[in-house]
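Below: the structure, in structure tokens.
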Amino acid sequence: PMNRTGGERRLNVAITRARQELRVFSTLKSEQIDLSRTQSHGVRDLKHFLEFAERGPRALFEVTHGSLGGFESPFEEAVAGALAAKGWVLHTQVGASAFRIDLAVVHPDAPGAYLAGVECDGATYHRSATARDRDMLREQVLRGLGWEILRIWSTDWWVDPNGTLERVCRQLDGLLEVSRVKRALEAEKEAAAVEAQAVIEKAKTEGADLADVTDSSVDTAAQHSEAAEQPSDEAPEDVYADLQGGTAPQTIESQRRQYIECDPTVAVDACDQDAFFSSSYDERLLAMIGHVVVTEGPVLDTVLARRISRAHGWQRTGSRIQERVEQLARQTYKTTEEDVGTFYWPESMQPGGEVVFRWPEQNAQRSFNEVCIEELMALAVIVDKPRLSKEEILVRMARELGVNQLRAASRGRLEIALRKAKDSDS
């Protein structure tokens, strides 16, 4: 009935009769309802109602009604066509009122939700009254509404369409990895809660002491939840036993190196956006670059440029910023080239030499593409055990990087690192 004309009235009757409280039990989540496949007002309202039930009043401000129009420029159409050819599904002009996302990327695992918004400097961009409106306010508002925003500049697209497309696809892959990890953690917590409830129900039927069972069940669910929310701070004891040539230490914190994102501003007195591209600013810029390379190196070129860009208050790292940072970095630091980009090495390390693997911080991840192959090889040595299959080793490598699900797009890089690690041992 919800799909038929007037279905929204049935929904209205169903959800407005409660005097004190409304509880929703559903096997269907809002993200599973794809509004692009229906014109029913009832289905649309049901989706928004479920969003409200799941996330509260915030969902009211994030309402979208699917595609509200076509392409506003040939540039948008070209970008959409290229992303579609890469397998991404897109909707155009998504949002509420006149404030819309140029291109919205549909989440591959949840057709009723969006993975990210892609903003092009097309008609909507040029309609904005000031540069501040175009570059800052619009994106801040959209991010505040829960959107992940990726921007494609027409100049970058016309100069290097393939490179720009690959960059955006890498960003989308990264967002998808993060989303899948979050969804997996939520699923584990839900499963733990169901398991705890099942234990309580069983105890009731068997006449056990409900207080003891409840305490035990809560502890079990909490352990599941804690394990799901926090990447393990401890690698298996047998791994560290091998590294030390004996028994595993009582505490392994001293044996683990952690990857910590640094703040380049500590290396200088102050940052100056206006002087960024001036040669007089080289000394301060080199100090910040050096701090990042020494602290995080080997560090990928895009990561280095991103740190410097964020330190100056820019939310995006354009090609000019990237070129400026790389121009100075290449004058001072040795590099290694990989298919994912250029890695800059501290002076204390030999490019291409041995690297100690660094674990991500708690609740953090390290993108496979942002870790040099030598460091991935070090990780492969740590987790490689004779009794483990290749697949198990790859999964464990992914988990040590903070990723619970290993995707095909990332598998190849880990396989290369594992193969090289085995070759070097032999």
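The values are calculated or read from the model by the stated rules, or taken from the named source; none is laboratory data. Fair warning: this is a prediction, and the values are worked out from it, not measured in the lab. Because the Cβ atoms are built from the backbone with ideal geometry, glycine has one as well, and the counts that use them run over all protein chains shown. To get the accessible areas, we keep the full protein, side chains included, count just its heavy atoms, and leave off ligands, DNA and RNA. Shrake-Rupley method; radii C 1.70, N 1.55, O 1.52, S 1.80 Å.
On the given criteria, is MET349 open to solvent by less than 30 Å² (accessible area, probe 1.4 Å), farther than 25 Å from CYS120 by Cα and of a type in the set (A, V, I, L, M)? Taking the combined requirement at face value, the residue does not satisfy it.
Go through ALA203, ALA196, ALA116, ALA110 for me and flag whichever is touching a helix residue (DSSP H, G or I) at 6+ places or on another chain (Cβ under 8 Å), modelled with pLDDT of 70 or more, open to solvent by less than 60 Å² (accessible area, probe 1.4 Å) and more than 21 Å from LEU35 (Cβ to Cβ). Answer to the selection: ALA196. Residue pairs whose Cβ atoms lie under 8 Å apart, sitting 6 or more positions apart in sequence or on different chains, and linking a residue in segment 352-365 that is on the phi < 0 side of the Ramachandran plot to a partner that is among the polar types (S, T, N, Q) and modelled with pLDDT of 80 or more, are ARG358/GLN258; TRP359/GLN258; PRO360/GLN258; GLU361/GLN258.
Summed over segment 16-27, the residues that are in contact with a helix residue (DSSP H, G or I) (Cβ under 7 Å, 6 or more places away or on another chain) and either small (Gly, Ala, Ser) or modelled with pLDDT under 85 (or both) give a count of 1. Restricted to segment 64-107, and to residues there that are open to solvent by less than 20 Å² (accessible area, probe 1.4 Å) and among the acidic types (Asp, Glu), the residue that is modelled with the highest pLDDT is GLU76.
Scanning segment 30-59 for residues that are outside any helix (DSSP H, G or I) and without any contact (Cβ under 8 Å) to a residue 40 or more places away in the chain, we see that the one that is surrounded by the most Cβ atoms within 10 Å (Cβ to Cβ) is SER40.
If you check SER179 against the conditions, is it modelled with pLDDT of 75 or more, among the hydroxyl-bearing types (Ser, Thr, Tyr) and either surrounded by fewer than 17 Cβ atoms within 10 Å (Cβ to Cβ) or assigned to a helix (DSSP H, G or I) (or both)? Against the criterion (modelled with pLDDT of 75 or more, among the hydroxyl-bearing types (Ser, Thr, Tyr) and either surrounded by fewer than 17 Cβ atoms within 10 Å (Cβ to Cβ) or assigned to a helix (DSSP H, G or I) (or both)), SER179 qualifies.
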